[in-house]
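The structure under discussion appears below in the form of structure tokens.
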Amino acid sequence: MKFPRYQLILISVAIALSFLPATPQKPLRIFISVDMEGIGGIGTSEMTRHGGKDYETGRHLMTGEVNAVVEAIFENGPAEILVNDSHGDMQNLLHQDLDSRVIYIQGNIKPLGMVQGLDESFDGAIFLGYHARAGTARGFLAHTGSGSVKGLWLNGKEVGEGGLNAHYAGEQGVPVILAAGDDVFTDQFGRLVKCELVTTKTAETAQVARLKHGEVVRQELAEATRKALINLKKAKPFKVSNPVKIKMRFSSTTHAEVLQAIPGMKLIDGFTVSYEANNMQEAYPFIRLIYKYVKS
Ligand SMILES: [Zn+2]
């Protein structure tokens, strides 16, 4: 059989192309922030506290959740993953048991705390082990930043740590693609951000949780990660409008009074202050400074 000349040319081009190396896939850049209260299998505050009963088990469970997510990300293709320890002294993950393909940020003297390292170069952010905001009924170990904060509002919207971090990621143009924690957290966060959610446990009370086995949670996280990556192109960063109006309510009037030393800080009532920041880049370290270092 004789091929017409143009077909022969097309066939030779196709053969030539098949020998060219495939263009390497650009690695996906994923930022993972890991808190501890919302990790599956953690059912008491003791497990989240250095020196507390079963804290070591808590660290293993926390590390296991990160590894389950990381494994699912690499199944999808090449990736660059930055993991930021986001609980307490931020030295909880067992680094040598973490998937060796990730880069890990440890320690808590960092201006951006739970979002340290998150910038516009990332394709998506994942929040693991998260909890409901301060004062949420039944929220397992619910708080916002520290025990001195009774409420935090950004542009009139009440947020917890998840909401605050989603605002920061949003300003960087990075969508939150997956978040995991107790049922009160996933319900609360799901109202603010549309992303994959994994409910790691059901809160019985603010101090007691109904637990699934860690292995079950890790499988659910892997499955949710796969789904999040399939839908990555559709994921939208959280929209933040500037300036950012911050309102914070504290457990003591002293806290609110001491903060009046900061120019621009207004007293709303005995427990509550407000401040206007130009953007989240400015607001985030400011809020962290207030809840972490201003004591009353
Ligand atoms: Zn927390």
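No value in this document is a laboratory result; all are computed from the given coordinates. It should be emphasised that the depicted structure is a prediction, and the values quoted were computed from it without experimental measurement. With ideal geometry, Cβ positions are generated from the backbone for all residues, glycine too; neighbour counts draw on all protein chains shown.
Brief remarks follow.
- Pairs with Cβ under 8 Å, 6+ apart, first in the range 204-229 and over 18 Å from ALA137 (Cα atoms), second surrounded by fewer than 17 Cβ atoms within 10 Å (Cβ to Cβ) and not hydroxyl-bearing (Ser, Thr, Tyr): ALA222/GLU71; ARG226/GLU75; ARG226/ASN76; LEU229/ASN76
- In the range 242-296, residue surrounded by the most Cβ atoms within 10 Å (Cβ to Cβ) [restricted to those that are part of a strand (DSSP E or B) and basic (Lys, Arg)]: ARG249
- Restricting the range 206-222 to residues that are within 20 Å of VAL70 (Cβ to Cβ) and touching a helix residue (DSSP H, G or I) at 6+ places or on another chain (Cβ under 8 Å) leaves a set whose member that is surrounded by the fewest Cβ atoms within 10 Å (Cβ to Cβ) is GLN219.
- Qualifying residue in the range 228-239 (condition: assigned to a helix (DSSP H, G or I) and in contact with a Leu (Cβ under 6 Å, 6 or more places away or on another chain)): yes
- Test: residue in the range 193-201 that is over 21 Å from ARG226 (Cα atoms), crowded, with 22+ Cβ neighbours inside 10 Å and within 14 Å of the chain's Cα centre (by Cα): no
- Residues in the range 154-185 that are acidic (Asp, Glu) and crowded, with 24+ Cβ neighbours inside 10 Å were compared, and the one that is nearest to the ligand (Cβ to nearest atom) is GLU161.
- Some residue of the range 272-281 being among the hydrophobic types (A, V, I, L, M, F, W, C) and touching a residue at least 60 places away in the same chain (Cβ under 8 Å): yes
- Residue count for the range 116-145 under the criterion of being within 22 Å of THR44 (Cβ to Cβ) and either within 15 Å of the ligand (Cβ to nearest atom) or acidic (Asp, Glu) (or both): the result is 17.
- Strands (runs of 3 or more DSSP E) completely within the range 36-130 that count 3 or more residues being under 21 Å from GLN281 (Cβ atoms): 124-130
- Selection from the range 180-198 of residues that are touching a strand residue (DSSP E or B) at 6+ places or on another chain (Cβ under 7 Å) and either in contact (Cβ under 8 Å) with a residue 24 or more places away in the chain or assigned to a strand (DSSP E or B) (or both): ALA180, GLY181, ASP182, VAL184, PHE185, PHE189, VAL193, CYS195, GLU196, LEU197, VAL198
- Test: residue in the range 75-84 that is within 18 Å of the chain's Cα centre (by Cα), within 16 Å of the ligand (Cβ to nearest atom) and not β-branched (Val, Ile, Thr): yes
- Yes/no for VAL102 being surrounded by 20 or more Cβ atoms within 10 Å (Cβ to Cβ) and more than 16 Å from the ligand (Cβ to nearest atom): yes
- Near pairs, Cβ below 7 angstrom, 6+ apart or cross-chain, from the range 107-129 (aromatic (Phe, Trp, Tyr)) to any residue that is away from the ligand (no atom under 16 Å from the Cβ): PHE122/ARG29; PHE122/ILE30; PHE122/PHE31; PHE122/VAL174
- Considering residues of the range 33-51 that are away from the ligand (no atom under 13 Å from the Cβ) and surrounded by fewer than 24 Cβ atoms within 10 Å (Cβ to Cβ) only, the residue farthest from GLU220 (Cα to Cα): GLY51
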